[in-house]
Amino acid sequence: MKTLLMVANVDWFFISHRLCIAQEAVKRGWKVFVAAEDTGRGQEINIDGITFIDFKFSRSGTNPLNELKTLNDFRKLYRKIKPDVVHHITLKPVIYGSIVARLLGVKGVLNAVSGLGYNFTSGRQGIVQRIMLRLMKFGFNRQNLTIIFQNADDQSELTKVGVVSPINRIVRIKGSGVDLTKFKQAEFPPFDVVKILFPVRMLWDKGVRELKEASDILKETYRHQIQFVLAGLADEENKAGVSAQYLNDWQDGSYVKWVGYQQNMVSIYNDSHIVVLPSYREGMPKTLIEACAVGKAIITTDAVGCRECVDEGVNGYKVPVYSVNELAKAIEKLVKDKDCIIQMGKASREKAEREFDVKDVIEKHLEIYDNFVK
């Protein structure tokens, strides 16, 4: 039986972004292993014939000794599983997994470059980035390695710095897709209070500070007319993580509510009017793909990854990265126009049906796996 190993950083990310692909691979005759850190949801992956392996490593660590141990842990994992194909998801598995797969002669490697992460935002050009690029060049320089890019900017950047080898196969897939039957358009809630949803992990690079300052600008005029809902965990292990203290100081329970991580995001989306994501850089943000599917007006930045989710003036507005005044103005513009919110919501759903159907995403992944073992 052909064996597929999928490696990600944490269980909850794999569940939201790739579990459906693993389930379909099992149905099509693959023996599937998933390695990721078990944060309490690993049992949700260990289903339908998938074997889950608790595989913990520091997502953002840079201590040389710890990183050598992590690299050795990847080597031991791959020697134990002996996969025909490995699918690396998130940046550290892409880097370390590619190196180990090349050294051990794994038949096929699929690297999902879903955004270049913390070390590639805000013009960071430090030693960590240079080391990462050198390691990627080594790991990527082999036959039978396919790279999935979610946007043209990431592909261009890694090609420019020499990471992408001429012998690599490049595939463009717009994000992780969305289940259009689960995430479907519903009636908007009452417009007496316009709810603005910020549905992400609470990281500075997602634009938390900018949204906070924009909400401060609007507060005096719109205190009783709008509500900001922050739906996401405080990922304090991440270098760009926002502290729970900051979020608690921001929220007041009425104008701003922080509801934390929510497993049932469909109901959270359905109870909102506008989805906002003032991020600095993304691969292709799943939150905006989901916002399109449920038919919401969107306000985001004209940043890598984000801009692909919004057709300006059609299903939302794009503002400059790091902007506060422009963000506040875009929110105010929509809040004052109920009909525009409704029309943009319809346009978002149409865009999701055209571009983001998860069935297409699953099919493209299975085709890549099969090509490696022909």
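The values are calculated or read from the model by the stated rules, or taken from the named source; none is laboratory data. Predicted, not measured: the structure shown is a model, and the values here were computed from it. Note that we place each Cβ from the backbone using ideal geometry, even for glycine, and neighbour counts take in every protein chain shown. For the accessible areas, the whole protein counts, side chains as well, though only heavy atoms, and no ligand, DNA or RNA atoms are used. Shrake-Rupley method; radii C 1.70, N 1.55, O 1.52, S 1.80 Å.
General remarks:
- On a per residue basis, the chain carries 43 Å² of accessible surface, using protein heavy atoms and a 1.4 Å probe.
- Chymotrypsin sites (Phe, Trp or Tyr not before Pro) lying in DSSP loop within segment 234-321, provided at most 16 other Cβ fall within 10 Å: TYR261
- Relative to the longest principal axis of the Cα atoms of the chain, helix 325-335 runs at roughly 70 degrees.
- For segment 61-210, lysine pairs with C-alpha atoms less than 23 angstrom apart, excluding pairs fewer than eight positions apart on the same chain, total 25.
- Shape category assigned to segment 23-87 from the gyration tensor of Cα positions, a/c cut at 1.5: oblate
- Once all protein chains are placed together, HIS365 keeps about 0 Å² accessible to a 1.4 angstrom probe.
- Inter-label distance for ALA244 and LYS82, nm, one decimal - labels placed 7 Å from Cα along Cα-to-Cβ: 4.6
- Computed over segment 161-204, Kirkwood Rh from alpha-carbon pairs, angstrom: 15.9
- Model label points for GLU312 and ARG130, set 7 angstrom from Cα along the Cα-to-Cβ axis, are 3.7 nm apart.
- Which of VAL319, ILE341, VAL358, positive extreme of dipole for segment 310-359 (C-beta unit charges): ILE341
- About its Cα centre, the dipole of the chain is roughly 1580 debye, where the only charges are +1 on Lys and Arg Cβ and -1 on Asp and Glu Cβ.
- If the chain linking GLU353 and LYS336 were pulled fully straight, counting 0.36 nm for each residue of separation and taking away their Cα-Cα distance, it would gain 3.3 nm.
- Most positive-pole-ward Cα, ASN371, VAL7, VAL304, against dipole of the chain from beta carbon charges: ASN371
- Sum of -39500 (n - 2.57) over DSSP H runs of 4+, divided by residues of the chain (222 nm, nearest 500): -12500 deg cm²/dmol
- Carbon-plus-sulfur accessible fraction, the chain (probe radius 1.4 Å, protein heavy atoms only): 49%.
- Share of pairwise Cα separations in segment 182-337, more than 23 Å, in percent: 29
- Approximate spin-label separation GLU44-ILE170, in nm, with each point projected 7 Å along Cα-to-Cβ: 3.5
- For Kirkwood radius over Cα pairs in Å, the value calculated from this model appears in [x] 21.3; [y] 23.4; [z] 22.5 under label [x].
- Furthest towards positive pole of dipole, GLN143, SER156, ALA186, structure part segment 136-241, Cβ charges: GLN143
- To the nearest ten degrees, helix 338-355 and the longest principal axis of the Cα atoms of the chain are 20 degrees apart.
- The phi-based Karplus calculation (6.51 cos²θ - 1.76 cosθ + 1.60; θ = phi - 60°) puts the 3J(HN,Hα) values of segment 70-81 at 4, 4, 5, 5, 4, 4, 5, 4, 5, 5, 6, 7 Hz, whole numbers, x for Gly and Pro.
- Across segment 21-174, the fraction of Cα-Cα pairs farther apart than 19 Å, rounded to a whole number, is 55%.
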